[in-house]
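The values are calculated or read from the model by the stated rules, or taken from the named source; none is laboratory data. It should be emphasised that the depicted structure is a prediction, and the values quoted were computed from it without experimental measurement. Note that each Cβ is placed from the backbone with ideal geometry, even for glycine, and that neighbours are counted across all protein chains shown. Just so you know, the surface numbers come from the protein's heavy atoms only, side chains and all, with ligands and any DNA or RNA stripped out. Shrake-Rupley method; radii C 1.70, N 1.55, O 1.52, S 1.80 Å.
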Amino acid sequence: MNPITIPDQMVSSVFAGSGRVAFVTKDVPKPGPGQLLILTKANALCGSDKGFYLNGSGERTPGHEIAGIVADAGPDTKAKPGTHGVVFLMDFCGSCRSCKLGYTNQCFNKRADMGFSHDGGYGEYVLINENIFFAIDADLSFSDATLLLDIMGTGGHSIRRALLARPDIESVLIAGAGPIGLGILGMVKIMLGQDIPVYVTDMNEYRLALAAQLGGIPVHAGTEDLAARLAADGLTDGVDAAFDSSGQTAARQACVQRLGKRGVLVCVGHGGDVSLRVSEELIGPERTVLGSEYFTYRELEANAEYLRQHREYLSQIITHRFPASQLQEASDLFFGGQCGKVVVER
Ligand SMILES: [Zn+2]
Ligand SMILES: [Zn+2]
């Protein structure tokens, strides 16, 4: 028997432009073959929603860091109503060349980006294809479960990308202490070891303090000299791996300048450019420059195990929780930047 009574209509949220949230009524969708209807219990706010926040989302209900409960399951599905889980952003085909090899974030026939091309987690219910549902432990809180998505998922993937080029990473620099930068920091500590020094640059004092709380070494990009700081710690040759989560050209160039021999730069933050003097900055020191986009579905399993082991540590990244009815307050705080990750719950 279905434990959840599903109404015909639901409260949903859209961004109306100029930073305003509007609550609208929508029909609750019915799951077809292979589909699940998810009751949204938590949705984490994300910097990638800033365009919607500023310019409006039209009819679209945003929200793509979703944790919830299977409320109803269509024909040809396996998950039972009542199952807890999270939703992978990208609806991948499962049969193209990328998907067959597990690169589900590089699907050639992507069907959806939930919360962008299709309605997402700021509605009471969200309709998904079952392949992007990932079941979680029933005793994990929904807010903590959202950590599996952009925080651990995107963070962990960027580290796995770096390890392809540089398996012996012993020092790390992260440009940008926003949620993605903090996620990379947390996952470096978990995946590569607590003793690895992780320098985190930003201008935002709140976020630098949060980076320090998570075991990072904060460096104020406006007032501190990064090169001098690294040299004082014996890293005169630079760091082994740098991650740019800022999306800012200047911050990314600072990463290039602080990379050591065989160093790897992973670009995670969208926007801006990177330029290299090829002989001196790339060929000579045999460096690698990589892009890293979201993560692959199969990484969820390993990350879920990390979350079981390090839940208390990682949940420090979530600094604020609001009821779903306060999406306006949550958004104003989040896009104001005086916070870590912000989650709305219902
Ligand atoms: Zn996101
Ligand atoms: Zn595919």
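Side notes on the structure shown:
- Within the range 256-346: Cβ-based charge dipole about Cα centre, in debye rounded to nearest 20 (Lys, Arg +1; Asp, Glu -1): 220
- Heavy-atom accessible surface of the range 15-92: percent carbon and sulfur, 1.4 Å: 53
- Additional length obtainable on full extension of the chain from Lys26 to Arg111, 0.36 nm per residue less Cα span: 28.4 nm
- Cα point-scatterer Debye curve for the range 153-291, base-10 log of I(q)/I(0) at q = 0.11, 0.16 Å⁻¹: -0.32, -0.72
- Looking at the chain, the DSSP beta bridges with both ends there are about 55 percent antiparallel.
- Spacing of the two label points (7 Å from each Cα toward its C-beta) at Gln309 and Asp139, in nm: 1.9
- Per residue accessible area in Å² of the range 91-174, where ligands, DNA and RNA are left out and the probe is 1.4 Å: 38
- Å² of accessible area per residue within the range 212-346, as computed with a 1.4 Å probe and no ligands counted: 47
- The range 113-138-the range 214-274 distance, computed between alpha-carbon centres (Å): 35
- Within the accessible area of the range 248-346 (1.4 Å probe), percent carbon and sulfur: 49
- Charge dipole of the range 153-291 (Cα centre as origin; +1 on each Lys and Arg Cβ, -1 on each Asp and Glu Cβ, all else neutral): 340 debye, rounded to the nearest 20.
- Mean separation of Cα pairs under 8 Å and 6 or more residues apart, divided by the residue count, gives the chain a relative contact order of 17 percent.
- Each helix, a run of at least 4 DSSP H residues, gives -39500 (n - 2.57); summed and divided by the residues of the chain, these come to -7000 deg cm²/dmol at 222 nm.
- GNM flexibility winner over the chain from Gly183, Gly247, Gly269 (Cα, springs under 10 Å): Gly247
- Among Ala79, Ala71, Ala231, the residue with the largest mean-square fluctuation in a Gaussian network model of the chain, with springs joining Cα atoms closer than 10 Å, is Ala231.
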